Amino acid sequence: MIAIGKIAGVAEIESCSYEEAVHVLGPAAWGASIKQRISGLRAEQQLQWSPSANSIVKELEEGSYQALAKIKR
């Protein structure tokens, strides 16, 4: 979330209750509230695939999202 906040120009990231998140995000609050671990391990094993792109955090911090964030500010 810190990387997203930096791109959005948010100086400080704060926690909020689930109820507050539901008020702001609606049904998307549930997905934002659970601890999610995403891995490409199964794809690597079954498809002999290996990632070649940046991690999502690196992409958010250094990739194309930076240019879009600057345009929208």
Output for Cβ contacts, cut-off 9 Å, separation at least six or different chains, first residue modelled with pLDDT of 85 or more in segment 30-57, second outside any helix (DSSP H, G or I), reads Glu44/Ser50; Glu44/Pro51
Here the residues within segment 40-56 that are closer than 24 Å to Gln66 by Cα and of a type outside the set (A, V, I, L, M, F, W, C) are Pro51, Ser52, Asn54, Ser55
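Kindly indicate the residue of segment 5-34 that is β-branched (Val, Ile, Thr) and open to solvent by less than 90 Å² (accessible area, probe 1.4 Å) and also nearest to Glu61 (Cα to Cα) among those meeting that condition. Talk me through it step by step, then tell me what you get.
Applying the first criterion (β-branched (Val, Ile, Thr)) to segment 5-34 yields 7, 10, 13, 22, 24, 34.
Now narrow it down to the ones that are open to solvent by less than 90 Å² (accessible area, probe 1.4 Å): 7, 10, 13, 22, 34.
Numbers: Ile7: 7, Val10: 14, Ile13: 16, Val22: 27, Ile34: 23 Å.
Filtering segment 5-34 for residues that are β-branched (Val, Ile, Thr) and open to solvent by less than 90 Å² (accessible area, probe 1.4 Å), the one nearest to Glu61 (Cα to Cα) comes out as Ile7.
The values are calculated or read from the model by the stated rules, or taken from the named source; none is laboratory data. On a predicted model such as this, the values are computed, not experimentally measured, just so you know. Don't worry about glycine lacking a Cβ; one is built from the backbone with ideal geometry, like all the others, and counts go over all protein chains shown. We work out accessible area using only protein heavy atoms, side chains counted, and drop any ligands, DNA or RNA first. Shrake-Rupley method; radii C 1.70, N 1.55, O 1.52, S 1.80 Å.
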